[in-house]
Structure formats: C-alpha cells, structure tokens
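Nothing in this text is a laboratory measurement; each read-out follows from the coordinates by a stated rule. Just so it is clear, the structure is predicted and the values come from calculations on it, not from any experiment. Cβ placement follows ideal geometry from the backbone for every residue including glycine, while neighbour counts extend to all protein chains displayed.
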Amino acid sequence: MADEKTADPQPPVSRRFARKPKGRARQIVVVLVVLVLAVSGYFLWQYLSSYESTDDAQIDGHLNAVSARINGQVVDVLVEDQQFVHQGDVLVKIDPRDFQVAVAKAEADLTDAEASLLSSRTDVPVTSTTTNSTLKSARSQHADADAGLTAAERQLNATQARLETTTAQVLEAQADYKKAADDEERYKMLVEKDEISRQIYDEASQTAAAAKATLAARNASVAEARQNVTVAQAAIQQAQARIAQAEASIQSALTAPEQVAISQARAKSAAAKVAQQKALLDQARLNLSYCTIVAPVTGIASKKTVETGQNVSPGQQLLVVVPLDDIWVTANYKETQLRHMKEGQKVKFSVDAYDHEYTGRVTGIGGASGSRLSLLPPENATGNYVKVVQRIPVRIDLDPGQNGDHRLRPGMSVDPKVYLH
C-alpha cells in the first residue's frame with residue numbers, strides 16, 4: 001500500500017491526449033481576439049487620424065449695418081426686428097422738405113451760372129471784333145490827324161508870312177501917314193500966311209487922309225493876319241490833340257489779345273462756376289435721395305434702434321441686416337492640428353440646433369492666431385514664459401445648396417471635421 005501511495009500515478013494516455021485540444025482552442029481564440037483588436041485598433045487609428053475636429057467653431061457671416069447719411073427727422077419706420085427684407089426694400093424715411101428746398105435753390109443757381117456762361121462766351125468774339133475795328137478806326141483817325149496837322153502847320157506858316165508882310169506894310173503906312181500928316185501941318189501954317197495956295201494945302205490934306213486910311217487898312221490886315229495865326233495855332237493844337245487821342249486808341253486797341261484773353265478767362269471762370277453749381281445740384285439730389293433708406297442686402301432685420309420722430313445724424317446706426325445666403329464656418333483649430341490641413345479639403349459638420357450633417361470645403365487658413373488678432377494681444381514682459389497651444393482660425397465655405405432653407409444663422413455652434421486625405 002505504501003508503494004502504491006508513493007508511486008507517481010501516471011494518467012492514462014487517452015486522458016492526456018483529451019486535454020490538449022482544449023488548450024489549443026483557447027490559444028487560438030486569444031490569438032484571434034488579439035488580431036481582431038489589432039485590426040480594429042489599426043482601422044480606428046486610421047479613421048481617427050483621417051480628420052481633425054474641434055468644438056471651438058461657429059457659423060459666421062456679414063452683419064450689414066444700416067446708418068443714416070444725412071441729418072434729419074425720421075418720419076416713418078417700415079421694418080421691425082426679425083423681419084425678413086429684400087434688397088432695395090424701404091426701411092426708414094427721413095423728412096425730405098429741407099432737402100427739396102436745397103435742390104430747388106441749387107437748380108436756380110445752376111440756371112444763373114449757365115446764363116453767365118452764355119454771356120461770357122458771347123463776349124469773347126464781340127471783344128475780338130470790337131478791338132480789331134477800334135484799331136482800324138484809330139489808325140485811320142491818326143492818319144487824318146497827321147494830315148490835318150500838316151495842313152494846319154502849312155496854314156500857320158502862310159498866315160505868319162502874311163502877318164509879317166502886313167506888319168511891314170503897316171510900318172510903311174505909318175511912315176507914309178506921318179510924312180503926310182507932317183506935310184499937312186506945314187502946309188496949314190503956310191496957307192494961313194498965304195505963302196502957298198489953298199489947292200496945295202487941300203492936296204496935302206487929301207494925301208494925309210489917304211495915308212491914314214491906308215494905315216487903318218494895313219492895321220486891319222495885321223489884325224486879320226494875327227487872328228488867322230491864332231486860328232492856325234488852334235487848328236494845330238486840335239490836330240495834335242486828335243493825334244494823341246488816336247495814339248491812345250491805337251494803344252488801347254493793341255491790347256486786343258489781352259482783352260480777348262480776359263474775356264476767355266471770364267468765360268472759363270463762368271464754365272467752372274457752372275460745373276461747381278452742377279456738383280452742388282448733384283449733391284443736393286443725393287442728399288434728397290438719402291432721405292429714403294433701403295435695405296442693402298436681402299436678409300433679416302435685427303438690432304433696430306430707430307423710431308418715428310427721432311432725429312438722426314450721419315453715421316448713426318439704425319439697424320442691422322443679416323444676410324443668410326452668404327455664410328461660412330469659422331473653426332479655431334489648435335496649431336498642432338494644422339500639420340496636414342490645407343485648402344480644398346472636404347469638411348463635414350453639424351450644428352447643435354439641428355440633427356443634420358452639412359458639407360463644405362476649407363477655403364482659407366488664418367494669417368495669425370486669435371490671441372494675436374485680439375484687441376489686447378498677450379505680451380510676455382516678465383520673462384516667465386509658459387507655452388500655450390494657440391488656435392488659428394480656419395474658414396470653411398458651405399457646398400452649394402447646403403443652406404437653401406436658411407436655417408443656419410451666424411453665431412451657431414458647429415462641430416466640424418476636416419478630412420485630411
């Protein structure tokens with residue numbers, strides 16, 4: 001019995017061979033499970049590495065602010081918050097009466113300026129013709145005055161010669177009269193003494209009277225000659241005055257180019273005035289058109305702050321129109337996620353508001369990080385630097401027809417996936 005207990009029992013051969021298939025099956029199952037897990041992990045890794053996702057993304061779009069361009073009082077507001085409007089729809093009306101008056105004044109000023117321009121343009125050929133005619137007339141007058149001066153000088157010379165002749169004749173007549181008078185006086189004394197006959201005395205008296213008459217005639221001739229000299233001198237002075245006047249007219253007429261240039265300058269100034277008044281009229285009409293404020297784009301009116309009766313000023317925001325056709329996604333990806341990201345890659349995303357998947361394309365990667373583009377960029381002035389992963393904005397444009405129902409609105413949260421392959 002002791003030998004049987006101490007002896008190593010040996011199982012039967014059939015039992016040893018019966019346990020081996022179970023161990024192999026377990027090993028095969030483990031290997032298969034490991035292979036399945038490895039293949040699944042590989043495909044999972046391939047799938048997870050095929051895209052980059054982020055939860056820091058939102059729908060983005062344009063916000064078209066509508067503001068006044070003139071000062072005025074609002075007389076009508078035709079839109080309410082959250083109302084859908086089309087491009088060109090009237091939103092706000094401003095009292096136009098002041099601007100209508102300004103347009104009427106500008107039109108009147110333009111008419112006046114155009115009349116002045118017409119007059120100035122007419123003056124140019126008139127001035128040219130007048131100055132040419134004046135020059136010809138002045139030269140003709142100058143020639144006539146020269147001829148008159150020559151004739152007057154000749155007449156003066158002739159009258160002066162006659163004056164000299166008559167003066168000599170007066171002297172001769174004076175001498176003859178003195179001799180005849182002296183003879184008469186002597187003959188008178190002799191006739192009283194009866195030393196000569198009365199006939200001789202009478203002849204002497206007649207001779208003295210004739211000499212006196214001749215002297216008087218000669219004096220009259222001298223007076224006439226002197227008067228003729230005075231007349232000739234006056235004619236010379238008159239001719240010289242006409243010559244001076246003609247020369248002044250010639251000098252004035254010779255300034256014809258300058259006068260024409262002045263007329264042309266006035267015409268140009270009048271034309272510039274017309275252009276200025278046209279610009280003022282255009283501005284007045286523009287200001288009048290600004291009294292009607294229309295929607296710049298098709299979209300939804302929001303953030304309305306204008307009311308009827310309110311006085312508005314240029315640049316004052318009245319409301320905002322949000323277009324729903326031109327929207328995109330702005331996704332802020334970590335800089336470590338941009339290694340394989342590039343433009344044109346396919347994107348799928350969803351929004352929290354709707355159970356729908358949208359598609360799009362990467363169309364641009366930001367030029368700087370969000371922190372760098374912030375109002376107050378971070379600055380390390382202490383020298384203690386802590387590396388923080390930065391985020392870069394990535395623009396994603398929707399594929400055509402993805403927002404046909406206009407359900408996507410700017411500001412909605414988005415979960416995008418950018419497929420890298």
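Quickly rank 225-233, 318-326 as a protection proxy: mean count of other C-beta atoms within 10 Å, highest first. Numbers along the way, then the final one.
Working: 225-233: 16.1, 318-326: 19.0.
Highest to lowest by the protection proxy: 318-326, 225-233.
What order do you get for 341, 189 when you list them from fewest to most C-beta neighbours inside 10 Å?
Working: 341 17, 189 11.
So the residues, fewest neighbours to most, are 189, 341.
What's the local net charge at residue 389, with K and R +1, D and E -1, over the other residues with C-beta under 9 Å away? Walk me through the intermediate numbers first.
Working: positive: 334, 387, 391; negative: 335.
That sum, taken over residues with Cβ under 9 Å, equals +2.
Would you please name the GluC sites (Glu not before Pro) within region 264-358 that are DSSP coil residues with at most 10 other C-beta atoms within 10 Å of their C-beta?
Working: sites: 307, 335, 343, 357; in loops: 307, 343.
Qualifying residues, ordered by number: 307.
So, by mean Cβ neighbours within 10 angstrom, what's the order for 365-372, 234-241 with the highest one leading?
Taking the mean over residues of other Cβ atoms within 10 Å, the ranking is 234-241, 365-372.
Quick check: Cα centre of region 48-95 to Cα centre of region 314-330, how many Å?
3 Å
On a 31 Å Cα-Cα criterion, which of the cross-link pairs 303/346; 304/417; 93/278; 105/268 come out too long?
Numbers: 303/346 35 Å; 304/417 36 Å; 93/278 26 Å; 105/268 23 Å.
Beyond 31 Å: 303/346; 304/417.
Kindly provide the trypsin sites (Lys or Arg not before Pro) of region 384-421 that DSSP labels as loop, not H, G, I, E or B, and whose Cβ sees at most 14 other Cβ atoms within 10 Å. All intermediate terms of the calculation are to be shown ahead of the outcome.
Values: sites: 387, 391, 395, 407, 417; in loops: 387, 407.
Sites meeting the loop and neighbour criteria: 387, 407.
Counting Lys and Arg as +1 and Asp and Glu as -1, what is the net charge of the other residues whose Cβ lies under 11 Å from the Cβ of residue 399? Let's see the in-between values first.
Values: positive: 346, 348, 361; negative: 397.
Once all neighbours under 11 Å are counted, the net charge is +2.
Using Cβ contacts closer than 10 Å as the measure, can you line up 200, 327, 396 from fewest to most?
Numbers: 200 14, 327 20, 396 26.
Least crowded to most crowded, the residues run 200, 327, 396.
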